[in-house]
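Okay, structure first, notes after.
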Amino acid sequence: MVKWGHMKPKKGAPTEEIKKYNAERYKSRKEWYRVYGLKYYQEHKEAMNEYSRKYSKAHPPNKEQSRKKEFKKYQKNREQMLARNSIYAKANPDIMRARGARRYARKVGAIGRGITGEERKILKEEYFYRCAYCNNIAPLEIDHIIPLIKGGRHEIENSVPACKSCNTSKGAKPLLIWMYERNAHG
Ligand SMILES: [Zn+2]
């Protein structure tokens with residue numbers, strides 16, 4: 001380890017000089033600090049973990065404070081975060097739709113274990129990317145065979161891919177009634 005004692009700024013030295021000295025010293029010892037810190041942790045693992053358990057129990061996170069912190073972070077990196085989110089959204093449309101559907105399911109108090117983005121993809125593949133009702137190839141949504149607000153489960157077993165036109169027309173009607181009406185009225 002490099003000796004730094006003789007480089008130490010004299011008493012009353014300008015703050016800048018002291019800061020620079022500390023930074024340089026820290027830089028030169030960084031690796032040593034890392035190794036030493038790791039060694040110290042391994043030797044005192046139990047006690048340190050116990051301490052942090054106790055600490056977090058005694059100091060539960062302040063929700064309001066962390067919310068403010070998150071918001072500050074958001075304000076600072078807004079553009080960057082939005083750009084990243086929109087790239088992610090474009091690359092993962094099924095995940096985004098799955099999220100939206102989950103929000104809706106929660107809102108209407110639906111039961112069921114949920115549908116993942118991956119499950120949505122598989123479902124569409126199984127139907128050869130065709131609407132389950134009219135067999136057209138069109139941009140697909142996921143329709144709940146038994147509507148959620150009629151007690152249908154938010155699960156893949158209660159879901160089929162449907163084109164927007166069929167999905168909208170079916171709405172919250174029970175499947176058989178909707179099919180009957182559609183056949184009756186053309
Ligand atoms: Zn259709």
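The values are calculated or read from the model by the stated rules, or taken from the named source; none is laboratory data. All figures in this text were calculated on a predicted structure; none of them were measured in a lab. All Cβ positions, even for glycine, are placed from backbone atoms using ideal geometry, and neighbour counts span all protein chains on display.
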Pairs returned, first residue in region 80-93 that is without any contact (Cβ under 8 Å) to a residue 60 or more places away in the chain, second residue that is part of a helix (DSSP H, G or I), beta-carbon separation under 6 angstrom, 6 or more apart or interchain, are A89/M96
In region 62-104, anything surrounded by fewer than 12 Cβ atoms within 10 Å (Cβ to Cβ) and among the β-branched types (V, I, T) is listed as I87
Over region 21-61, the set of residues surrounded by 10 or more Cβ atoms within 10 Å (Cβ to Cβ) and not in a helix (DSSP H, G or I) is H44
Of the residues in region 143-170, those that are within 13 Å of the ligand (Cβ to nearest atom), under 25 Å from R113 (Cβ atoms) and small (G, A, S) number 1
Only one of (1) within 30 Å of F71 (Cβ to Cβ); (2) within 16 Å of the ligand (Cβ to nearest atom) does not apply to P93, and that is (2)
Counting only residues that are within 15 Å of the chain's Cα centre (by Cα) and either within 13 Å of the ligand (Cβ to nearest atom) or outside any loop (DSSP other than H, G, I, E, B) (or both), region 104-117 contains a total of 1
In region 108-133, anything among the basic types (K, R) and either more than 18 Å from L148 (Cα to Cα) or at pLDDT below 95 (or both) is listed as R113, K121, K124, R130
* Asked: Do we find that A101 is among the aliphatic types (A, V, I, L, M), part of a helix (DSSP H, G or I), more than 16 Å from the ligand (Cβ to nearest atom) and in contact (Cβ under 8 Å) with a residue 24 or more places away in the chain in this structure?
  -> yes
In region 127-186, anything surrounded by 15 or more Cβ atoms within 10 Å (Cβ to Cβ), basic (K, R) and not in a loop (DSSP other than H, G, I, E, B) is listed as R130, R153, K170, R182
